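A quick write-up on the structure given underneath.
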Amino acid sequence: MKYCLTCDWYTTPADEPSKATRSKDAIDHHVETGHTIDSSNGIVPPQLPDLPEEVFVRDLLPARSSD
Ligand SMILES: [Zn+2]
């Protein structure tokens, strides 16, 4: 599928069987709106978990050893 990173726009093979038409639709959306289109092999866009930023930062830090 192709989907928009900015709004809820997307197109899937179920919506539009023609890959060429989906590509054209995605380009048209980009031209019309200036939005960024991404594509995924799946049928739904990958979603980042809705977690606060501190969780990510904490998870990136090495565990503190108690020596
Ligand atoms: Zn959009």
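The values are calculated or read from the model by the stated rules, or taken from the named source; none is laboratory data. Bear in mind the structure is a predicted one, so any value in this text is a computation, not a measurement. Heads up, the Cβs are rebuilt from the backbone with ideal geometry, glycines too, and the neighbour counts pull from every protein chain shown. Ligands, DNA and RNA are stripped out before the accessible areas are found, and what is left, the full protein with its side chains, is counted by its heavy atoms. Shrake-Rupley method; radii C 1.70, N 1.55, O 1.52, S 1.80 Å.
Answer yes or no: is there a residue in the stretch 44-65 that is away from the ligand (no atom under 11 Å from the Cβ), surrounded by 13 or more Cβ atoms within 10 Å (Cβ to Cβ) and at pLDDT 90 or above. Among the residues of the stretch 44-65, not one is away from the ligand (no atom under 11 Å from the Cβ), surrounded by 13 or more Cβ atoms within 10 Å (Cβ to Cβ) and at pLDDT 90 or above, which makes the answer no. A count restricted to the stretch 1-14 and to residues that are surrounded by fewer than 17 Cβ atoms within 10 Å (Cβ to Cβ) and of a type in the set (A, V, I, L, M) stands at 2.
For the stretch 15-35, a tally of residues being open to solvent by less than 50 Å² (accessible area, probe 1.4 Å) and either near the ligand (Cβ under 10 Å from one of its atoms) or among the aromatic types (F, W, Y) (or both) returns 3.
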